[in-house]
Structures are given as structure tokens and as C-alpha cells.
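This is the structure, below, for whatever I ask next.
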Amino acid sequence: MVVPESQGKMYHPPPDLQRDAHVPDFSSYLTMYKRSLENPEAFWKEVADEFFWKKPATGPMLQYNFDVTKGNVFVKCMEGAKTNMCYNVLDRHVREGNLGDKVAYYWVGNSPEHHSTITYGQLLSHSCRCANVLKEMGVKKGDRVSIYLPMIPELVYTMLACARIGAVHSVVFAGFSSESLCERIMDAQSSVLVTADGVYRGDKLINLKQISDEALEKCREKGSSSVTKCLVIKHQALKTKTGASCLYFESAPLCVQTPWDSERDVWWDEAMSDSPEECEPEWLDAEDPLFILYTSGSTGKPKGVVHTVAGYLLYTFLTFKYVFDHQRHDVYWCTADIGWITGHSYITYGPLANGATSVLFEGVPVHPHVGRFWEIIEKYKVTKFYTAPTAIRLLMKFGQEPVQKYDLSSLRILGTVGEPINPEAWQWYYEVVGQSRCPVVDTFWQTETFCLLIFQTFPFFGVEPTILNEHGEEVEGEAEGYLVFRKPWPGIMRTLYENHERFENTYFKKFPGFYVTGDGSRRDKDGYFWITGRIDDMLNVSGHLLSTAEVEAALTLHPAVSEAAVVSRPHRVKGECLYCFVTLKDSGEFDKKVVDELKRLVREKIGPIATPDFIQNAPALPKTRSGKIMRRILRQIARNEKDLGDLSTLADPKVVEVLFSQRSEAA
Ligand code: PRX
């Protein structure tokens with residue numbers, strides 16, 4: 001096992017873990033890896049043999065074109081085959097594998113009082129009933145269903161129900177604003193929205209139904225009324241003794257009735273109560289879409305990343321099996337939210353494809369106390385634990401004592417995802433949480449790549465990264481530059497929803513023949529890849545990708561703002577945070593009121609994750625003579641780095657002095 005290089009040490013897994021592992025050592029891994037590249041047809045065929053195919057493939061395991069100069073970019077996996085994702089992750093286990101009574105999820109609510117256990121048999125029956133409810137609402141193969149739900153079991157039932165009937169789910173993180181939800185519903189043209197009345201995150205109530213109503217109203221105002229039905233779950237934490245939903249508004253601490261449109265809205269419990277438990281799966285083409293998931297785009301408009309059935313199934317299954325070395329008796333826990341790709345791949349589909357038992361956690365790491373994660377690990381005897389560096393950094397602040405109060409001896413492997421892990425956080429995770437006995441697996445990937453690509457700084461099966469310089473030339477040996485891939489793997493995205501041109505322009509135009517990740521990487525002398533961070537206008541806040549353009553667009557909606565530029569600044573817990581430079585119109589005065597209004601605006605337009613940490617008055621922005629904002633300089637000002645290098649391209653170098661003198665340190 002390798003660790004962040006500054007540590008300069010090698011750590012080896014304990015012998016018993018190594019002995020029982022699917023791949024016991026690096027040389028066996030290399031043999032398999034080489035085979036996956038040299039004979040992909042045989043390699044992926046073997047993986048496909050694990051699953052049920054209603055019709056076998058007529059085409060090869062993988063076909064593709066990555067070169068825009070030679071025609072449309074495409075990837076196809078197992079053309080001609082017919083299958084069903086839901087059947088493969090549920091029925092196959094229940095009917096063929098006898099896993100009906102095996103626990104699929106231990107659900108743990110925001111409040112420790114709320115928890116339940118869901119077996120594979122129950123998951124199948126709930127998913128089928130939900131599939132029938134959706135069918136009853138008129139949802140057919142290919143229709144889109146937007147899901148705006150917290151981390152409750154119904155979220156998984158609904159995803160699997162869509163997969164069962166061939167509907168395409170579009171899960172929208174339940175922390176997004178009504179504006180963001182509306183944008184995603186409109187882009188996908190969903191016919192059904194599935195939501196809940198509300199949810200507590202920590203001790204904060206989020207009125208999901210109210211936000212959903214606002215989103216649908218916004219869509220209507222913009223001329224789009226695609227959603228005809230809204231399926232609403234009564235959250236357990238909001239049920240009163242009488243069974244009615246109760247929403248407590250800050251302004252009026254009273255029980256308020258859930259907003260309701262009787263033509264459109266349907267309570268989940270009522271719809272499910274008489275819905276049949278049998279639902280014949282829709283047999284889909286291997287390349288039919290499975291889901292859309294929106295990710296930030298550098299132009300500000302989110303990109304609807306489309307993933308397809310067969311490729312996703314193979315890749316999510318295989319990555320989960322090997323990267324977490326999944327064993328039959330494991331209890332696995334990924335703390336991500338299903339609203340992000342990590343949750344899709346490593347809470348829903350990957351673990352289920354492997355017949356695993358997972359924890360499904362609704363809450364936050366510090367509620368009701370800072371030992372919540374460790375308490376859950378002890379209670380459920382979690383063996384594999386996957387979280388984000390931002391969570392580790394947050395929990396580190398409370399010291400070792402809250403961790404040591406609990407028995408974490410069940411843990412075998414730890415994972416991290418979403419952003420680079422700094423050596424200090426790695427060390428704490430390894431020593432304090434893993435008690436210096438659990439390997440820490442760092443996994444690099446993206447919404448677009450679907451499942452993880454590089455783990456432990458080495459590529460996964462079938463994945464061939466390389467590094468290009470500014471001129472698009474491959475650089476050999478030790479090198480730093482653009483991280484790109486020359487070939488697809490089964491789980492790579494196929495397109496951006498209804499926008500193949502943007503797909504090609506974003507990922508394949510810059511260097512024809514390669515998928516361009518947007519990340520930089522360094523390859524060391526041993527061939528390991530070290531991600532150096534984004535090299536486009538994207539930011540990674542607490543492991544969530546945001547585009548500077550979308551935040552700038554929100555800021556400039558304020559009537560007093562004439563221009564805004566957003567850059568990243570390192571943050572102790574979040575990794576990166578937003579530092580905004582704002583130029584006001586002549587009449588405007590930059591004061592606390594404007595700053596508060598701007599923060600509120602960004603929260604409303606995008607969601608709380610995008611709340612800026614710093615907003616600075618910028619009487620003018622540093623621009624080139626052709627009017628391009630020089631973000632490099634803004635980044636340096638935000639970080640208070642005085643050595644700015646060459647400023648000769650600036651139209652007015654004095655701007656820089658003014659900006660330094662007005663730096664914002666107020667969080
Ligand atoms: O910049 C990389 C960073 O997160 C980006 C992908 O974000 P998203 O599509 O939201 O998916 C997050 C979950 C996989 C990447 O382009 N990133 C992700 N994992 C790592 C990382 N950067 C460094 N190390 C990682 N392990």
C-alpha cells in the first residue's frame with residue numbers, strides 16, 4: 001500500500017487480510033491488470049458470465065471511437081444483449097442465490113432512534129411494488145423519473161423500481177435548491193417526481209415537499225410542465241401521533257400541513273398499500289440508459305451524465321468486489337449521499353450486485369454527537385468503511401477520544417473518495433480509525449467515469465491512463481500534465497442527456513483520441529499516478545464539484561452586482577472553499593448587508609454546499625487587454641500569495657494592489 005508521497009513510507013496490509021483477499025498481492029494484481037488490457041474481450045466476458053442475460057450479446061464486449069476527427073464519439077458494451085439491472089442485483093440473489101433473508105441494508109436514521117433492517121427479499125418486494133406504482137402513474141420504458149429524497153430506504157426502492165421497468169432515474173441531491181431541482185427536472189423532462197414531506201439533517205428541518213412545489217412552480221413559469229405526478233413519502237421522523245405529516249417552520253413553530261395538490265400529489269404509503277408485489281422486469285438493451293446524474297459543468301449549466309445498463313453493471317460489480325475486497329460476511333458502509341455518483345455506484349448498485357450487506361445512513365457525522373460514525377461502526381460491526389477526506393478532517397478536529405470510546409476492531413479496510421487526501425488526514429485515518437491495521441484505499445474517479453478508475457494511485461482493470469502535455473503529446477516516464485484515457489472501460493458515460501455535441505466538446509475535443517478528465521496528474525518513476533487537482537474552472541468543495549461559472553451566475557443576479565469572479569482557496573475541513581470577488585455597480589455600497597444577501601442568493605440558486613466562505617469587494621478585476629479575467633492572479637490574492645510573477649499581460653496592474661489591500665478574511 002502506498003501513502004501520500006510526502007510520508008515517504010510503504011505500509012503493508014496485515015497478513016491475514018492479504019491471505020484471504022481476492023487478489024493477494026500486487027504481482028497477482030498486475031497479471032490480472034495486464035490481461036484486462038491485452039485481452040479485454042475474454043476479461044469482460046468472464047465478468048458478464050456472473051449475470052443473467054435474457055439474450056446474449058451479438059457484438060463484442062466493447063466497441064468505441066474516442067477520436068472526434070474520425071466521426072461521432074461512442075462507446076458500446078455487449079451490443080445486442082438484453083438484461084435488467086434490478087433483476088441482476090435482486091432477483092438473481094433471491095431466486096438463484098438464496099439470499100432472500102440476507103440483510104441488504106441496515107438503515108440508520110438521522111436520529112439514532114430511527115433504524116430498520118431490509119433484507120434482499122424485502123428490497124425486491126418493495127422495489128416491485130414501487131415499480132407497479134410508477135407504471136400505474138403512466139411511467140414507461142425510457143421515461144425519466146426525478147428523485148429528490150433523503151437517504152431513506154425508499155430512495156433505493158425507487159431507483160431499483162425505475163431500473164426494473166426501464167425508466168431512467170435522475171436523482172437530485174436533497175440539499176439542492178428549488179432552482180437547481182427545477183433546472184434538472186426541465187433538462188430531463190421527467191414525468192414523475194418522487195420526494196418526501198421533509199427531513200432532518202442534524203437538527204435542521206428541510207421542507208423537501210415545499211422546495212419540490214417551488215421547483216415545479218418555477219418549471220411551470222418557464223413553460224415546462226412535464227411532471228404530472230408527485231409521489232410523496234411521509235418521513236418517519238415527521239410523523240405525528242395521528243399519522244399526519246408535520247412541518248415545523250422557523251417562523252411559526254407549529255404543525256403545518258404538507259403543501260398538497262390533490263390532482264398531482266400521491267402519498268407513497270397509500271399508493272404502495274395495494275400495489276402488487278410481482279412485476280415482470282423490462283428486458284432492456286445493453287446500451288439502454290439506466291440513469292442520468294447531473295454534475296457541474298464549467299459553463300455553469302449542469303451536465304446530465306448518462307450511464308447505460310450493461311457496462312455499468314459489469315463495472316460497478318467488479319470495482320466493488322476488488323477495491324473493497326468484498327467478502328460474504330462483510331458489513332460495508334459508504335457514508336456518501338446517493339444524490340452523488342459515489343452513492344449510486346457504491347451504496348446502491350455496486351454492493352447489491354455483489355449481494356453485500358451495507359449500512360444506509362441518513363444523518364451527519366456530528367449529530368447528535370461527534371462520535372456518531374464510530375458508534376455506528378461498533379453497533380453494526382462494520383468491516384469496510386468508505387468516506388471522504390472532508391469528513392475525516394472534520395472529525396479529526398475533535399481528537400482521538402470520541403473514536404476511542406468505541407470498539408472499531410471489526411474494521412478491515414478503509415476507503416476515501418472525492419478529493420485528494422492530505423497526509424495529515426491520511427495518517428489520522430490510518431492510525432486512529434484503522435488502528436494501524438486497516439489499509440486505506442484512496443479512490444479517484446468522476447461522475448462521468450461512473451466507477452472508480454485509479455485506486456492506490458494505480459489504474460483499475462481495463463483502465464489505461466496516460467499523461468499529455470499542453471500540445472497533446474504523450475509524455476513517458478516521470479511526468480506531469482493532463483490526465484487522459486485512450487480507451488473506454490465498460491462503465492464510462494455514453495453521452496450528456498440530449499446533448500451529444502456538448503459531450504464531445506467537453507471531453508474529447510481538446511485532445512482527439514482521448515477522454516480528458518479535466519484533472520492534472522503526475523506519474524512518478526514507479527508508474528503511480530498522483531492526482532494534482534482540476535485544471536479547468538471547477539472547484540471541489542467538501543468533495544462536491546462546483547463550477548466557478550454557476551456561482552458567478554448566481555452572484556450577478558444581485559441587482560447591485562455588475563461583475564463577479566470566483567476562485568478556490570484552501571480550507572482546513574472542506575479541502576477547498578469559494579472566494580468571490582464582486583464588483584458593484586456605481587451606486588452600490590459594499591457592506592455586510594450585501595455580503596449576507598449574496599451568500600443567501602447563492603444558497604437559494606444552487607444550495608447550501610455552494611455558500612461562499614469569502615466575498616471581497618473588487619472595484620475592478622484583473623483582466624488582460626482582451627478583457628479575459630486572470631483567475632490565476634485572483635487565486636493568488638485569495639491565498640495572500642504576494643509573489644505574482646509576470647503581470648505584463650494585465651491591462652491595469654494597479655488593480656492588483658487595490659485587491660490585496662481589500663482582501664477579505666471574514667468567513
Ligand atoms: O478532481 C477530481 C476529484 O473529484 C472530481 C470528480 O468529482 P465528481 O464527479 O463529483 O465525483 C466525485 C466522486 C468520485 C475529479 O475530477 N476527485 C475525486 N476523487 C479524488 C479526486 N481528486 C483526488 N483524489 C481523489 N481520490
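Leu193 passes all but one of (1) part of a loop (DSSP other than H, G, I, E, B); (2) in contact with a helix residue (DSSP H, G or I) (Cβ under 8 Å, 6 or more places away or on another chain); which number fails?
(1)
May I ask you to verify whether Thr416 is within 16 Å of the ligand (Cβ to nearest atom), part of a strand (DSSP E or B) and not charged (D, E, K, R)? So that I can check it myself, show each step before the final result.
Details: within 16 Å of the ligand (Cβ to nearest atom): yes; part of a strand (DSSP E or B): yes; not charged (D, E, K, R): yes.
The answer is yes for Thr416.
Which condition breaks for Lys321 when tested against (1) touching a helix residue (DSSP H, G or I) at 6+ places or on another chain (Cβ under 7 Å); (2) more than 16 Å from the ligand (Cβ to nearest atom)?
For Lys321, the failing item is (1).
Given Val370, Val359, which one is of a type in the set (A, V, I, L, M, F, W, C), within 20 Å of His114 (Cβ to Cβ) and in a loop (DSSP other than H, G, I, E, B)? Give the steps one after another, and end with the answer.
Numbers: Val359 fails: in a loop (DSSP other than H, G, I, E, B).
Sole residue among the options that is of a type in the set (A, V, I, L, M, F, W, C), within 20 Å of His114 (Cβ to Cβ) and in a loop (DSSP other than H, G, I, E, B): Val370.
To keep it simple, each residue is scored yes or no on (1) farther than 24 Å from Arg522 by Cα; (2) touching a Gly at 6+ places or on another chain (Cβ under 9 Å).
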position: Lys384; (1), (2): yes, yes
position: Pro389; (1), (2): no, yes
position: Ile392; (1), (2): yes, no
position: Gly399; (1), (2): yes, no
position: Pro420; (1), (2): no, yes
position: Glu431; (1), (2): yes, no
position: Ile467; (1), (2): no, yes
position: Glu480; (1), (2): no, yes
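Take the range 333-378 and flag every residue that is within 16 Å of the ligand (Cβ to nearest atom) and within 23 Å of Glu424 (Cα to Cα).
Of everything in the range 333-378, those that are within 16 Å of the ligand (Cβ to nearest atom) and within 23 Å of Glu424 (Cα to Cα) turn out to be Cys334, Thr335, Ala336.
Examine the range 505-515 for a residue that is more than 22 Å from Asp67 (Cα to Cα) and basic (Lys, Arg), and state whether such a residue exists. Let's see the steps before the verdict.
Here is the first cut: in the range 505-515, the ones more than 22 Å from Asp67 (Cα to Cα) are none.
No, the range 505-515 has no match at all.
Going by the conditions given, is Pro612 in contact with a strand residue (DSSP E or B) (Cβ under 7 Å, 6 or more places away or on another chain) and either charged (D, E, K, R) or farther than 30 Å from Pro459 by Cβ (or both)?
Working: in contact with a strand residue (DSSP E or B) (Cβ under 7 Å, 6 or more places away or on another chain): yes; either charged (D, E, K, R) or farther than 30 Å from Pro459 by Cβ (or both): yes.
So Pro612 fits the description; yes.
Still on this structure: Among the strands (runs of 3 or more DSSP E) confined wholly to the range 432-531, which include 1 or more residues that are within 11 Å of the ligand (Cβ to nearest atom) and either modelled with pLDDT under 95 or over 19 Å from the mean Cα position of the chain (by Cα) (or both)? Full working, then the answer.
Details: elements: 440-444, 465-468, 479-485, 515-523.
In the range 432-531, the matching strands (runs of 3 or more DSSP E) lie at 440-444, 479-485, 515-523.
Report, by residue number, each residue of the range 606-632 that is at pLDDT below 90 and over 29 Å from Gly175 (Cα atoms). I'd like the intermediate steps shown before the answer.
The first filter runs over the range 606-632 and keeps only residues at pLDDT below 90, leaving 623-632.
Passing the criteria: Lys623, Thr624, Arg625, Ser626, Gly627, Lys628, Ile629, Met630, Arg632.
Is it true that Ile392 is more than 10 Å from the ligand (Cβ to nearest atom) and crowded, with 21+ Cβ neighbours inside 10 Å?
Working: more than 10 Å from the ligand (Cβ to nearest atom): yes; crowded, with 21+ Cβ neighbours inside 10 Å: yes.
Criteria met by Ile392.
Yes or no, residue by residue, for (1) closer than 16 Å to Ile376 by Cβ; (2) at pLDDT 95 or above; (3) in a loop (DSSP other than H, G, I, E, B):
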{"site": "Gly304", "(1), (2), (3)": "no, yes, no"}
{"site": "Tyr312", "(1), (2), (3)": "no, yes, no"}
{"site": "His329", "(1), (2), (3)": "no, yes, yes"}
{"site": "Tyr332", "(1), (2), (3)": "yes, yes, no"}
{"site": "His344", "(1), (2), (3)": "no, yes, no"}
{"site": "Ile347", "(1), (2), (3)": "yes, yes, no"}
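Quick check, is Val551 under 21 Å from Glu419 (Cα atoms) and assigned to a loop (DSSP other than H, G, I, E, B)? Spell out how you get there, then give the answer.
Working: under 21 Å from Glu419 (Cα atoms): yes; assigned to a loop (DSSP other than H, G, I, E, B): no.
Taking the combined requirement at face value, the residue does not satisfy it.
If you don't mind, there's one more thing I want to ask. Does Val323 qualify as being more than 24 Å from Gly100 (Cα to Cα) and not polar (S, T, N, Q)? Give the steps one after another, and end with the answer.
Details: more than 24 Å from Gly100 (Cα to Cα): yes; not polar (S, T, N, Q): yes.
When the stated conditions are applied, Val323 passes them.
Per-residue answers, yes or no, for (1) in contact with a strand residue (DSSP E or B) (Cβ under 9 Å, 6 or more places away or on another chain); (2) among the hydroxyl-bearing types (Ser, Thr, Tyr); (3) not in a strand (DSSP E or B):
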site	(1), (2), (3)
Glu280	no, no, yes
Tyr294	yes, yes, no
Thr299	yes, yes, yes
Leu318	no, no, yes
Gly339	yes, no, yes
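Determine whether the range 553-562 contains at least one residue that is within 16 Å of the ligand (Cβ to nearest atom) and either within 30 Å of Ala286 (Cβ to Cβ) or of a type outside the set (Lys, Arg) (or both). Outline the logic, then answer.
To start, the set of residues in the range 553-562 that are within 16 Å of the ligand (Cβ to nearest atom) comprises none.
Within the range 553-562, none of the residues are within 16 Å of the ligand (Cβ to nearest atom) and either within 30 Å of Ala286 (Cβ to Cβ) or of a type outside the set (Lys, Arg) (or both).
Another question about this same structure. Based on this model, can you work out whether Asp101 counts as in contact with a strand residue (DSSP E or B) (Cβ under 8 Å, 6 or more places away or on another chain) and under 16 Å from Cys230 (Cβ atoms)? Working first, answer last.
Values: in contact with a strand residue (DSSP E or B) (Cβ under 8 Å, 6 or more places away or on another chain): yes; under 16 Å from Cys230 (Cβ atoms): no.
Against the criterion (in contact with a strand residue (DSSP E or B) (Cβ under 8 Å, 6 or more places away or on another chain) and under 16 Å from Cys230 (Cβ atoms)), Asp101 does not qualify.
State the number of residues belonging to the range 238-255 that are exposed (fewer than 15 other Cβ atoms within 10 Å of the Cβ) and either part of a strand (DSSP E or B) or modelled with pLDDT of 95 or more (or both).
Summing the residues that are exposed (fewer than 15 other Cβ atoms within 10 Å of the Cβ) and either part of a strand (DSSP E or B) or modelled with pLDDT of 95 or more (or both) in the range 238-255 gives 1.
Could you identify the single residue in Lys381, Lys397, Lys405 that is over 23 Å from His115 (Cβ atoms) and away from the ligand (no atom under 16 Å from the Cβ)?
Working: Lys381 fails: over 23 Å from His115 (Cβ atoms); Lys405 fails: over 23 Å from His115 (Cβ atoms).
None of the others qualify; the one that does is Lys397.
Which pairs have Cβ atoms under 9 Å, sit 6 or more apart or on different chains, and link a residue in the range 530-558 that is touching a residue at least 24 places away in the same chain (Cβ under 8 Å) to one that is within 9 Å of the ligand (Cβ to nearest atom) and basic (Lys, Arg)?
So the pair list comes out as Asn540/Arg534; Leu545/Arg534.
Turning to a different aspect of this structure: When you check Val305 against the structure, is it β-branched (Val, Ile, Thr) and more than 18 Å from Ile454 (Cα to Cα), yes or no?
yes
Kindly indicate which of Ala638, Ala610 is within 19 Å of Ala549 (Cβ to Cβ), in contact (Cβ under 8 Å) with a residue 40 or more places away in the chain, among the small types (Gly, Ala, Ser) and in contact with an Asp or Glu (Cβ under 8 Å, 6 or more places away or on another chain). First the steps, then the outcome.
Values: Ala638 fails: in contact with an Asp or Glu (Cβ under 8 Å, 6 or more places away or on another chain).
Answer to the check: Ala610.
If you don't mind, there's one more thing I want to ask. Kindly evaluate Ser224 against the criterion of being within 19 Å of Met137 (Cβ to Cβ) and more than 26 Å from the chain's Cα centre (by Cα).
Working: within 19 Å of Met137 (Cβ to Cβ): yes; more than 26 Å from the chain's Cα centre (by Cα): yes.
When the stated conditions are applied, Ser224 passes them.
The values are calculated or read from the model by the stated rules, or taken from the named source; none is laboratory data. Here the structure is a predicted model, which means the values were calculated and not measured. Cβ coordinates were reconstructed from backbone atoms using ideal geometry, including for glycine residues, and neighbour counts include every protein chain displayed.
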